[in-house]
Structures are given as structure tokens and as C-alpha cells.
Amino acid sequence: MEAAYALIGYGLAAIGPGIGIGLIAGNAVQAMARQPEAAGMVRTTMFLGIAFTEALALIGFVLFFLV
Amino acid sequence: MITAAETCDFINEVVCKPANVKELFEFANFGSSQISRTEVLILLAGLIPVALMYFGLRKKSTVPGKLQSVVESIFSFVKDEIAVGVIGRGGEKFTPYLISIFMFVLVGNLFEVTPLVNFPVTSRMALPLFLSLLTYVIFLVVGVQKQGIGYFTHLIWPPGVPVALKPLVGIIELVSVLLVRPFSLAVRLFANLVAGHVMLSLLLASAYFFIVQPGGVEYLIARAPIGAAWPGGVEYLIARAPIGAAWFTLGLAIYGFELIVSILQAYIFTLLSAVYIQTSLHPEH
């Protein structure tokens with residue numbers, strides 16, 4: 001039963017980062033399409049943003065194992 | 001995990017569960033020695049980059065050979081894109097640290113998709129935690145060297161913020177820099193690799209259960225001449241094999257995905273280390 005709660009918790013923890021990563025990647029694609037010459041810089045910043053956002057989902061994933 | 005499935009009642013239970021998920025993380029030592037598989041792989045992850053660097057850059061010819069051009073492109077990628085590109089002025093002197101951390105994490109991650117090894121050493125929390133603590137010490141030392149004790153007072157009492165907000169922003173900054181940074185840096189690498197490893201294990205082991213394990217091909221070959229004694233019959237295998245094939249296909253797709261994740265996580269770990277050093281080195285940004 002605890003594992004079931006943990007699973008629900010992980011699912012909830014993945015909602016926010018999912019939306020966030022979608023926004024980041026979408027806006028990065030827009031930026032690259034508007035200014036292809038800045039693509040390298042945008043890509044680095046996109047990975048940074050994704051890494052920061054993804055951490056929240058991963059903490060939920062780790063909590064699932066801790067339960 | 002596989003041994004758990006052999007004792008499983010495969011007629012009544014469609015999906016055989018391992019008794020305990022911790023089995024996924026346990027590995028036997030080599031013989032009676034105290035050296036575990038993880039330690040051997042950590043040693044390899046340390047030695048392979050050294051060997052690669054030594055043999056790649058031994059001759060330094062003007063027209064680089066295959067190995068030399070690979071090593072040089074990795075080196076110049078880390079130097080130009082990460083060390084100088086992110087840290088900026090004064091970033092060159094962090095290149096040795098960043099290249100060693102990048103190569104070590106990269107090789108450690110790629111063990112996940114290496115056939116017959118299939119175990120990422122960075123999915124042991126001790127390793128990413130140690131690496132992130134190294135980065136932690138470096139960016140604290142650099143910050144103190146650059147700004148003296150002002151590094152910490154700026155964290156607690158940030159300049160350029162309205163006085164009413166200073167205590168609140170100070171607490172948030174202090175916690176995020178001193179606690180969340182090393183923790184999230186370690187957990188990001190660890191959790192990505194554990195997630196990938198568990199996903200691959202589950203999918204490919206499921207394929208193994210459904211196609212090869214009791215009731216599947218093995219059973220068919222062993223018991224077919226006797227005929228009546230084996231449960232289900234050919235229909236049983238026909239019903240199970242497509243499920244196994246689907247898991248196997250998905251597992252192979254995830255295998256390719258994990259290859260990308262391994263490289264990307266090594267890049268992100270190095271990139272974030274560089275970003276943290278940069279915030280200590282150039283506080284004005």
C-alpha cells in the first residue's frame with residue numbers, strides 16, 4: 001500500500017517538471033527558428049534549464065525508492 | 001530476479017514479481033575476494049580515460065590519426081564549450097578538472113549500455129555524491145579566494161535587493177547555494193542512471209520471462225515429446241510470445257535512448273559544475 005502511495009506521489013511530482021520541460025524545449029525551438037545563428041547558445045541554455053527542472057521529478061523518483 | 005521467476009506460479013500469475021526490488025541492486029563479489037563488481041568498474045572508469053588520453057595525445061602529430069582526432073575533439077569540446085564558453089575569463093585553468101570529471105562520468109555512464117557489463121557505476125549514490133562534493137569544495141574555495149569572506153555575507157545579505165526582502169532572499173540563497181546545489185547535482189546524475197537501469201532491467205527481463213522462461217520456449221523443447229504433462233501447450237507460448245516481443249522491442253528502443261541519456265548526463269554534470277564555478281568566479285553576472 002505504501003508503494004502505491006509512493007507511485008501516486010511520483011506521478012504527481014512528474015506533472016510540474018513535465019509542463020516545465022515542454023515550455024523550455026518549445027520556447028528553445030522557437031528561439032532557434034527565429035535566430036538560427038544563436039542556436040548553440042540557446043541549446044546550452046536549454047539543457048541547463050531542462051537539468052534544473054528535471055531535478056524536481058527525479059527527487060520524486062528517488063523518494064519512491066526510499067519508501 | 002531471474003531466480004525469483006523460476007519459483008513463480010506462472011500459470012496463475014501472469015506477471016512474476018521479484019520478491020524484493022533490492023535484488024536489482026545486489027551483485028556477488030568475485031570469488032571469495034572482497035572486491036565487488038562496482039569497484040572493478042570504478043577502477044576501469046578511472047583507467048580508460050587515462051589510457052585514452054595517453055594513447056590519443058602521445059604523438060601530437062599535425063595530421064591527427066583516428067584516436068587522436070577523437071580525443072582532441074572531446075578535449076576541445078570541453079575546453080571551448082564548457083570551460084571557456086560558460087566560465088569565460090579565467091576558465092582555462094579549470095579545464096583539467098572539467099575534462100577529468102567529464103571523461104570519468106561519461107565512461108561510468110556508458111557502462112550502462114555496454115553489452116555484458118550493463119551496469120552504470122554512477123548509479124551508486126556514493127560516486128555522484130563524491131563528485132558533486134568535489135565541485136562544491138572547488139566553487140566554495142574559488143568564491144572565498146575571489147571575494148574573501150564577502151562571499152558568505154553576500155549570500156546571507158545580498159546586495160542590490162530592497163532591505164525588506166533581504167532576510168527572505170538571503171535565506172533562499174543560502175539554502176539553494178549551500179544545500180540544494182550539491183544535493184541536486186548528485187541526485188540528478190544518480191536518479192537518471194538508476195531510472196534507466198531499472199527500466200532496461202524490467203523491460204528486457206520481462207521479455208525473457210515471456211519468451212524463454214517456464215511455459216515458453218524452454219518448456220516447449222523439454223516437455224514436448226511427453227506431451228500431456230506440460231501446461232498450456234503451444235497455445236500458451238503463442239499467447240505469451242507477442243507480449244515478450246513487444247517488451248523486447250520497447251527495451252531495445254529504450255536502450256538507444258539510454259545511450260543518449262548517458263552522454264547527455266555527463267555533459268550536464270560537467271556543464272553545471274562549470275556554471276557553479278562561474279557564479280563564484282564572476283559574481284557580477
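The values are calculated or read from the model by the stated rules, or taken from the named source; none is laboratory data. None of these values were measured; they are calculated from a predicted model. No Cβ is skipped: glycine too gets one built from the backbone with ideal geometry, and neighbour counts run over all protein chains shown.
Details
- Top-ranked residue in the stretch B:76-89 [being of a type outside the set (K, R) and in contact with a helix residue (DSSP H, G or I) (Cβ under 6 Å, 6 or more places away or on another chain); ranked as nearest to B:P283 (Cα to Cα)]: B:I87
- Selection count where residues are within 30 Å of B:E258 (Cα to Cα) and either of a type outside the set (A, V, I, L, M) or facing another protein chain (nearest Cβ under 9 Å) (or both), scope the stretch B:164-184: 6
- Qualifying helices (runs of 4 or more DSSP H) (wholly inside the stretch B:103-203; at least 3 residues being crowded, with 20+ Cβ neighbours inside 10 Å): B:126-147
- Hits in the stretch B:77-90 (condition: within 14 Å of chain A (Cβ to nearest Cβ) and either hydroxyl-bearing (S, T, Y) or not in a helix (DSSP H, G or I) (or both)): B:G88
- Test: residue in the stretch B:23-35 that is out of contact with any Pro (no Cβ under 6 Å at 6 or more places or on another chain), in a helix (DSSP H, G or I), modelled with pLDDT of 85 or more and among the hydrophobic types (A, V, I, L, M, F, W, C): no
- Residue within the stretch B:141-153 that is of a type in the set (G, A, S), touching a Phe, Trp or Tyr at 6+ places or on another chain (Cβ under 8 Å) and under 25 Å from B:S184 (Cβ atoms) present: yes
- Look at the stretch A:38-67: where a residue is under 15 Å from A:L23 (Cα atoms) and within 10 Å of chain B (Cβ to nearest Cβ) and a partner is surrounded by fewer than 17 Cβ atoms within 10 Å (Cβ to Cβ) and of a type in the set (G, A, S), sitting 6+ places away or on another chain with Cβ atoms under 8 Å, you get A:I50/A:A25.
- Residue within the stretch A:57-65 that is of a type in the set (A, V, I, L, M), in contact with a Pro (Cβ under 6 Å, 6 or more places away or on another chain), assigned to a helix (DSSP H, G or I) and surrounded by 12 or more Cβ atoms within 10 Å (Cβ to Cβ) present: yes
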